[in-house]
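Enquirer: Pasting in a structure now, in structure tokens, and then I'll have a few things to ask.
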Amino acid sequence: MRTTPRSLDRVPPPGPAARDGSPPGEAPAGVSSLAFARAARALGRAARLRGLRVPVFRSPPGLDVTRTIRRRRGTVTIAVRRRGRPVSAVVADMIEGVVVANELTGVAADRVRSALWEAVRKEDRPLAA
């Protein structure tokens with residue numbers, strides 16, 4: 001006698017995509033390159049207004065990590081993985097990159113983080129892909 005598999009048997013096991021809160025078996029879309037560029041511009045403007053060094057943003061990082069920071073000949077490059085990650089995680093990595101590039105700590109770092117989040121929030125269009 002042949003039995004029909006139950007619908008639960010067809011659900012793929014949770015994989016890497018399930019760790020970010022997406023439904024099991026369903027990979028999140030991630031952040032589009034256009035949204036990434038808009039966030040980078042907003043962060044750059046906000047950082048310049050505060051007299052901070054603006055790092056170069058790129059994606060993806062060359063390594064199998066979510067973010068890398070490279071200092072070379074006076075330039076700081078922040079590489080962030082966009083695929084399969086929520087917008088908030090990508091933007092948080094970009095903001096932290098600005099903080100690290102400017103070697104900020106303590107209260108100064110907290111103030112800059114808040115200002116940069118506000119700059120991204122004020123962006124004309126939503127950053128979601």
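The values are calculated or read from the model by the stated rules, or taken from the named source; none is laboratory data. Please read these numbers as outputs of a predicted model, since none were measured by experiment. Cβ placement follows ideal geometry from the backbone for every residue including glycine, while neighbour counts extend to all protein chains displayed.
Enquirer: Being in contact with a strand residue (DSSP E or B) (Cβ under 7 Å, 6 or more places away or on another chain) and at pLDDT 95 or above: is that true of Pro61 here?
Expert: Numbers: in contact with a strand residue (DSSP E or B) (Cβ under 7 Å, 6 or more places away or on another chain): yes; at pLDDT 95 or above: no.
Judged against the criteria, Pro61 is not a match.
Enquirer: Starting from residues that are more than 16 Å from Ile69 (Cβ to Cβ) and of a type in the set (A, V, I, L, M), keep the ones in segment 92-111 and report whichever is surrounded by the most Cβ atoms within 10 Å (Cβ to Cβ).
Expert: At the first step, the residues of segment 92-111 found to be more than 16 Å from Ile69 (Cβ to Cβ) are 106-108, 110-111.
Checking which are of a type in the set (A, V, I, L, M) leaves us with 107-108.
Working: Val107: 8, Ala108: 13.
Here the answer is Ala108.
Enquirer: Those residues that are in a loop (DSSP other than H, G, I, E, B) and either within 15 Å of the chain's Cα centre (by Cα) or under 18 Å from Glu123 (Cβ atoms) (or both), I need them from segment 44-54; list them, please.
Expert: In the first step, residues of segment 44-54 are kept if they are in a loop (DSSP other than H, G, I, E, B); the result is 50-54.
Hits for segment 44-54 are Arg50, Val54.
Enquirer: I've got another one for you. Counting only residues that are small (Gly, Ala, Ser) and part of a loop (DSSP other than H, G, I, E, B), which one in segment 55-101 is farthest from Leu34 (Cα to Cα)? Spell out how you get there, then give the answer.
Expert: Initial filter on segment 55-101 (small (Gly, Ala, Ser)): 59, 62, 74, 79, 84, 88-89, 92, 97, 101.
Of the ones still in play, those that are also part of a loop (DSSP other than H, G, I, E, B) are 59, 62, 74, 84.
Numbers: Ser59: 12, Gly62: 20, Gly74: 27, Gly84: 16 Å.
Restricting to residues being small (Gly, Ala, Ser) and part of a loop (DSSP other than H, G, I, E, B), the top hit is Gly74.
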